[in-house]
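Asker: Pasting a structure here, questions to come.
The values are calculated or read from the model by the stated rules, or taken from the named source; none is laboratory data. The structure presented is a predicted model; accordingly, all values stated were derived computationally and were not measured. We place every Cβ from the backbone using ideal geometry, glycine too, and count neighbours over all the protein chains shown. The accessibility values were calculated without ligands, DNA or RNA, using every heavy atom of the protein model including side chains. Shrake-Rupley method; radii C 1.70, N 1.55, O 1.52, S 1.80 Å.
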Amino acid sequence: MSETHIDANIEKVLAENGLVMTSTSGVSMYPMLRHRKDMVVIETVKRELKSNDVPLYRLPSGKLVLHRILKVKNNEYIIRGDNLLMKEHVKPERIIGVLKEFYRNGKHVDCATSRGYKLYIFYIRHSYYLRYLWKKIIRPTLGKIKRFIIEPFCSGQ
């Protein structure tokens with residue numbers, strides 16, 4: 001499973017200061033967050049979380065993860081990384097903080113006010129089924145066709 005991980009010490013700093021800046025690792029939130037390149041600002045949760053928020057939460061394994069809320073349902077969040085296909089169900093008590101803003105190539109992006117960020121959310125949410133088709137059906141099928149056509153020539157038959 002691919003997640004965007006955050007250092008476990010962040011939880012302590014966040015509890016003490018209410019705000020923390022760090023980098024992430026992993027590719028689950030790509031293309032928004034790039035592995036060890038972008039900086040995120042996480043704040044303590046001060047409001048009811050909603051669809052499209054990106055909470056920081058703890059997995060049962062103990063790892064801290066940032067993924068996007070798809071839906072709030074029956075006292076749980078249905079969450080998925082922007083670059084993932086599988087959904088997760090997360091209880092509110094596992095939420096530690098929420099993404100407030102991030103820095104990409106030195107450019108500041110405020111998650112509450114950035115029009116570009118809101119366009120990104122629209123794109124990433126509405127392109128899911130096309131991305132699913134590509135990853136699960138089209139790309140594997142093209143690979144099989146390629147192997148069927150090319151392998152006979154490569155094997156010397």
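Asker: By how many degrees, 0 to 90 and rounded to 10, does the Cα axis of helix 139-154 deviate from the longest principal axis of the chain?
Answerer: It works out to around 30 degrees.
Asker: Is the shape of segment 42-94 rounded, prolate or oblate, going by the alpha carbon gyration tensor and its root eigenvalues a ≥ b ≥ c, with a/c under 1.5 for rounded and a/b larger than b/c for prolate?
Answerer: Here segment 42-94 falls in the rounded category.
Asker: Same structure, new question: Taking Cα extents along the principal axes in Å as the quantity of interest, determine which of (i) 41, 34, 33; (ii) 69, 38, 35; (iii) 56, 31, 30 was computed from the displayed structure.
Answerer: It is the value labelled (ii).
Asker: Whole-Hz ³J(HN,Hα) for each residue in segment 27-33, computed from phi via Karplus 6.51 cos²θ - 1.76 cosθ + 1.60 with θ = phi - 60°, x for glycine and proline: what do you get?
Answerer: 10, 5, 9, 5, x, 5, 10
Asker: Using θ = phi - 60° and the Karplus relation 6.51 cos²θ - 1.76 cosθ + 1.60, list the HN-Hα couplings for segment 55-64 in order, rounded to whole Hz, with x at every Gly or Pro.
Answerer: Values, residue by residue: x, 9, 9, 9, 6, x, 6, x, 5, 9 Hz.
Asker: GNM, the chain, Cα, under 10 Å: largest mean-square fluctuation among Ile42, Ile78, Ile137?
Answerer: Sorting by GNM fluctuation, first place goes to Ile137.
Asker: Tell me the carbon and sulfur percent of the accessible area for segment 33-112, rounded to whole percent, probe radius 1.4 Å.
Answerer: 50
Asker: Now, a different point. What does the charge count near Tyr123 come to, summing +1 for each Lys or Arg and -1 for each Asp or Glu among other residues with Cβ under 12 Å from its Cβ?
Answerer: +2
Asker: Still on this structure, please answer the following. Once amide H atoms are built 1.01 Å from N in the peptide plane, which residues 5 or more positions from Ser23, or in another chain, come under 5 Å H to H?
Answerer: Hits under the 5 Å cutoff: Val40.
Asker: Who wins for biggest fluctuation among Pro60, Pro31, Pro92 in a Gaussian network model of the chain, springs between alpha carbons below 10 Å?
Answerer: Result: Pro60 has the largest fluctuation of those listed.
Asker: Same structure again: Mind checking the angle between helix 115-126 and the chain's longest principal axis? C-alpha axes, 0 to 90 degrees, to the nearest 10.
Answerer: 50
Asker: Just want the answer: with Cβ charges of +1 for Lys and Arg and -1 for Asp and Glu, which residue in Tyr30, Ile96, Pro152 is farthest toward the dipole's positive end in the chain?
Answerer: Result: Pro152, furthest along the dipole toward the positive end.
Asker: Probe 1.4 Å, all protein chains in place: accessible area of His108 in Å², nearest 10?
Answerer: 80
Asker: Taking amide H atoms as placed 1.01 Å from N in the peptide plane, list the residues 5 or more away in sequence, or in a different chain, whose amide H sits under 5 Å from that of Leu56.
Answerer: For Leu56, the qualifying residues are Ile96, Gly97, Val98, Leu99.
Asker: For Arg68, what residues show an amide H to amide H distance below 5 Å, using hydrogens built from the backbone and excluding near sequence neighbours?
Answerer: Distant-sequence amide H within range of Arg68: Arg80, Gly81, Asp82.
Asker: Roughly how many Å² of Phe122 are accessible to a 1.4 Å probe, to the nearest 10?
Answerer: 120
Asker: Of Leu142, Leu85, Leu119, which has the largest mean-square fluctuation in a 10 Å C-alpha GNM of the chain?
Answerer: Judging by the Gaussian network model, the answer is Leu142.
Asker: Still on this structure, I have one more. Let me spell out the model: positive unit charges on the Cβ of Lys and Arg, negative unit charges on the Cβ of Asp and Glu, origin at the Cα centre of the chain. What dipole size does that give, in debye rounded to 20?
Answerer: Result for the chain is approximately 660 debye, rounded to the nearest 20.
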